[in-house]
1. All but one of (1) free of Cβ contacts under 8 Å to residues at least 40 places away in the same chain; (2) exposed (fewer than 15 other Cβ atoms within 10 Å of the Cβ) hold for Pro67; which doesn't?
2. If I filter the stretch 35-57 down to residues being touching a residue at least 24 places away in the same chain (Cβ under 8 Å), in a helix (DSSP H, G or I) and under 12 Å from the mean Cα position of the chain (by Cα), which single residue comes out as nearest to Glu119 (Cα to Cα)?
3. Please work out if Val7 is surrounded by 14 or more Cβ atoms within 10 Å (Cβ to Cβ) and either in contact (Cβ under 8 Å) with a residue 40 or more places away in the chain or among the basic types (Lys, Arg) (or both).
4. So, Thr56, is that one surrounded by 13 or more Cβ atoms within 10 Å (Cβ to Cβ) and over 30 Å from Glu131 (Cβ atoms) or not?
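What follows draws every value from the coordinates through simple rules; no lab data is involved. Just so you know, these numbers come straight off a predicted model, no measurement behind them. Methodologically, a virtual Cβ is constructed for each residue, glycine included, from the backbone with ideal geometry; neighbour enumeration extends over all protein chains shown.
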Amino acid sequence: MANADAVRESVDVFIDGAPGARVMAAAWWDLVTEDSRNAIAAETGVGREVDHHAATVETSLVMHVAPELVRFDLLADDHIPRRARYLIRPVPDSLKTRTGVVYSASQASPAIGERLLKEIVSNLADAVKLELT
C-alpha cells in the first residue's frame, strides 16, 4: 500500500494523543480472500500479477460503489515499460503507464465490485469484532 507509511504515522500520532484508544487500519486487499482474487483472475482472464492500481478489481469496486465517477469511455488496458520492486521518487517515466491504469481495466464490472464489497464488509466486520470488541 503506497499510503501505508502515512496511515501508520497518522495512527501513531492519534494513539499518542488518545491514550487507551485502539485503532485498526486495513486496505481492501487485506480483506479479500485469496480464493476470491483467484476466482476473479480466472473469470476475467486478468492475472493477479497484472491487476494493480485502477485495474480490474479497483475499477470494479468503484463501478459498484460510485459508478458516476467511472469514465467508461476511458477504460484502458495499459502496461508499464519496466517494473521495479523498490520505491523511487520522482517516479521515472519508464515506471508509469500512459493512463494511470496498471494494467487492465477493460474486464472490470459492477458485478465483480458488488461481490468484492460484500466480502470486504463482512471480513471487516469480523476483524472489528475480533480486534476491537
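1. With (1) free of Cβ contacts under 8 Å to residues at least 40 places away in the same chain; (2) exposed (fewer than 15 other Cβ atoms within 10 Å of the Cβ) applied to Pro67, the lone miss is (1).
2. The extreme case among them is Val57.
3. In short, no.
4. No.
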